[in-house]
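The values are calculated or read from the model by the stated rules, or taken from the named source; none is laboratory data. Bear in mind the structure is a predicted one, so any value in this text is a computation, not a measurement. Cβ sites come from the backbone with ideal geometry, for glycine too, and all protein chains shown count toward neighbours. Quick note on the areas: whole protein, heavy atoms, side chains included, nothing else; ligands and nucleic acids left out. Shrake-Rupley method; radii C 1.70, N 1.55, O 1.52, S 1.80 Å.
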Amino acid sequence: MNDRPVTPALDAALLSRRQLHVVLALDCSGSMRGERIASLNYAIRSAIPELQAVAADNPEVRVLVRVLRFGTVARWHIEEPCPVEELEWEDLQAGGETAMGSALRLVGEALDPARLEGRQLPPVIVLASDGYPTDDIDRAMADFFSHETVAKATRIAIAIGSNTDLETLERFIDAPEGRLKPLRANNAPDLVKSIKWATTAPVKATSSPTNAPDNASALAAESTRVLEPDSSVVW
Amino acid sequence: MNHLMWKTAGASVLGASHKRRNLPNQDAWLAEPGLDAGSSFLIAVADGHGSPRHHRSDTGSLLAVQAVKETLAWFFDDPESLPELAEDLHALWLQSVREDLQARPCEEGVVAYGSTLVAVAGSGKHLLALQLGDGDLLLGYPDGAIERPFAEDDLVGEETYSLCMDNAARFVKRRLYNREQASRWPDFAFVSTDGVSKSFVDGEAFASVVANYRDLSADGNSLKSTVEALPGWLREVTDNGSGDDATLCIATCR
């Protein structure tokens, strides 16, 4: 009897579940004080179970979440990639300026391929802001996009309120015409809906075992359909 | 120039995530001549997109491997037709899809059939590598080297080029090798859908497995056993990795 192997040995170390990193970069500047930061905290708290359900539906993908806050400085709120099933929320506080450039730099560094082990799905990066960057956003944006993983990421921006730097958010998304636009959250219900959608829909789209020529366009169409403005109340 | 005789093998398994959703295997494959060695060969895999918009992609992938077989049937008689190959292939796939649509219309039309396609074909004098969209194509050489003829597409996220795109032919990568002009010649070819490579921890681990397949196929007699073991091997790969449908084909002339 011939005992020679006829297929390659599958050492457990060779195979791996893919990882999906989700990074939330959240504006906690002074203008977010009051109802906005309360709504943001509520939105994330209520989005977590939905995100966990989406992840549970695709057990072949390991969803890892990190959260960064930016005010006068940018710093990690959840620094170590947290498995989504263990995710718990501690409320953010608002105050200070809008160091969005520093925030993007930190996100880019954290997603550098050299710092990620194992097989990665393109990450999901959500940036939510209600104002204009107060640091050097041009140089930060160039650094941010120099990371290969960032360039391939699904990038979602949420514009909170009516006095937002939409141009910067569009540069962050960097999508061809007809694709994703910044989501507009002009009141508390809109913000809750936007955060829920931004944290769950791209994760669902990315972690499902589908490849298609139009994933980003489909996501953009869904965002337009699902995120109809809730009311005429405007922050 | 010695006469090369090629044998081929292939298999496909349903991914765990498709099983959970009661979806069919949306991959398709073709490997000819099989275990009876022949002087020419074709291995092809196609990966149907699987999302709700592409709900007939299992048919689309099947039509893709059939279209490449038909397009290449006479290609090596006139390899100079390479520039028209992609257009011909796409036109043939579209024709098959439209025939299917006529029999059972659907709202999404051609888009419902979206699929990728990866293939290697060879005759005595030539070898053709062809790829549209994601998936893996590797060639093995007598010195043990394993090489990819094509660079990865520069697309965002899990996007891929597809036969269902109007301008699909533009994105078909193809490379024709002429044995008379080559300093070395592949003795092994491997194609797979992305459900296989994405199950491995990284590209290096995947390439080592492909190299291992080349080594194992050195003994042409064991290929039959490999064919029998392939579905089980693929199942283990996808169950512990991507959860996607997993399909591979190999060709060897060793």
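A few notes on this one:
- Measuring r between the beta carbons of residue B:95 and residue B:170 and using R0 = 22 Å, the FRET efficiency lands at 0.75.
- Amide H contacts under 5 Å for residue A:65: A:22, A:82, A:84, restricted to partners 5 or more places along the chain or on a different chain, H placed in the peptide plane at 1.01 Å from N.
- Accessible area expressed per residue, segment A:17-226, with surrounding protein chains retained (probe 1.4 Å, Å²): 40
- Using the rule -39500 (n - 2.57) for each DSSP H run of four or more residues, divided by the residues of chain B, the 222 nm mean residue ellipticity is -9500 deg cm²/dmol.
- C-alpha center-to-center spacing [segment A:105-149, segment B:169-238] in angstrom: 35
- The phi torsions of segment B:230-238, fed into the Karplus equation with coefficients 6.51, -1.76 and 1.60 and a -60° offset, translate into couplings of 4, x, x, 5, 5, 5, 5, 4, 6 Hz, rounded to whole numbers, with Gly and Pro shown as x.
- Relative contact order [Cα under 8 Å, 6+ residues apart], chain B, whole percent: 28
- Placing unit charges on each Cβ (+1 for Lys and Arg, -1 for Asp and Glu) gives the protein assembly as shown a dipole about its Cα centre, and among A:118, B:109, B:233 the Cα reaching farthest toward its positive end belongs to B:233.
- For segment B:103-224, diffusion coefficient by Stokes-Einstein and Kirkwood Rh (Cα), 10 °C, 1.306 mPa s, µm²/s: 98
- Peptide A:121-129 is shielded by partner chain Cβ atoms: per residue, an average of 1 of them sit within 10 Å of its Cβ.
- Segment A:51-91 versus segment B:93-139: alpha-carbon centroid distance in Å: 39
- Scattering curve values for segment A:51-144, log₁₀ I(q)/I(0), Debye with Cα scatterers, q = 0.25 Å⁻¹: -1.36
- Across peptide B:239-247, the average count of Cβ atoms from other chains found within 10 Å of a residue's Cβ is 5.
- Semi-axis lengths, Å, the protein assembly as shown, gyration tensor of Cα atoms, sqrt of 5 times eigenvalues: 46, 23, 20
- Taken about its Cα centre, segment A:17-226 carries a charge dipole of about 400 debye when Lys and Arg each add +1 at the Cβ and Asp and Glu each add -1 at the Cβ.
- Each Cα pair of segment B:7-252 feeds into the Kirkwood radius, which the Stokes-Einstein equation turns, at 10 °C and 1.306 mPa s, into a diffusion coefficient of 88 µm²/s.
- Kirkwood estimate for chain A, i.e. one over the average of 1/r between Cα atoms, Å: 18.3
- Heavy atoms of the protein chains alone define the surface here; on that basis segment B:14-117 has 47 Å² accessible area per residue at 1.4 Å probe size.
- For residue B:254, net neighbour charge (Lys/Arg +1, Asp/Glu -1) across residues whose Cβ lies under 11 Å away: -1
- Along its principal axes, segment B:6-142 has C-alpha extents of 45, 32, 24 angstrom, given from the largest down.
- A probe of 1.4 angstrom, applied to the heavy atoms of all protein chains, finds residue A:37 with accessible area near 20 square angstrom.
- Dipole in debye (nearest 20) - segment B:7-252, about Cα centre, beta carbon charges: Lys, Arg +1; Asp, Glu -1: 360
- Counting Cβ atoms of other protein chains within 10 Å of each residue's Cβ and taking the mean over peptide A:44-52 gives 0.
- Peptide ranges B:107-119, B:77-89, A:11-23, A:164-176 listed from the most packed, as the mean C-beta count within 10 angstrom indicates: B:107-119, A:11-23, A:164-176, B:77-89
- Chains B and A together, accessible area buried on both sides, 1.4 angstrom probe, square angstrom: 3600
- Protein accessible area in chain A, 1.4 Å probe - carbon and sulfur %: 48
- Each stretch of four or more DSSP H residues adds -39500 (n - 2.57); spread over every residue of chain A, this sum gives -12000 deg cm²/dmol at 222 nm.
- For segment A:119-168, the average shadow cast by the Cα convex hull is 3.8 nm², which is a quarter of the hull's surface.
- Separation in nanometres of the label points that stand 7 Å from Cα toward Cβ, at residue B:103 and residue A:88: 5.9
- Among B:162, B:207, B:130 - extreme Cα towards positive end, dipole of segment B:130-224, charges at beta-carbon: B:130
- The magnitude of the dipole of the protein assembly as shown, with charges of +1 and -1 set on the Cβ of Lys/Arg and Asp/Glu and taken from the Cα centre, is near 460 debye.
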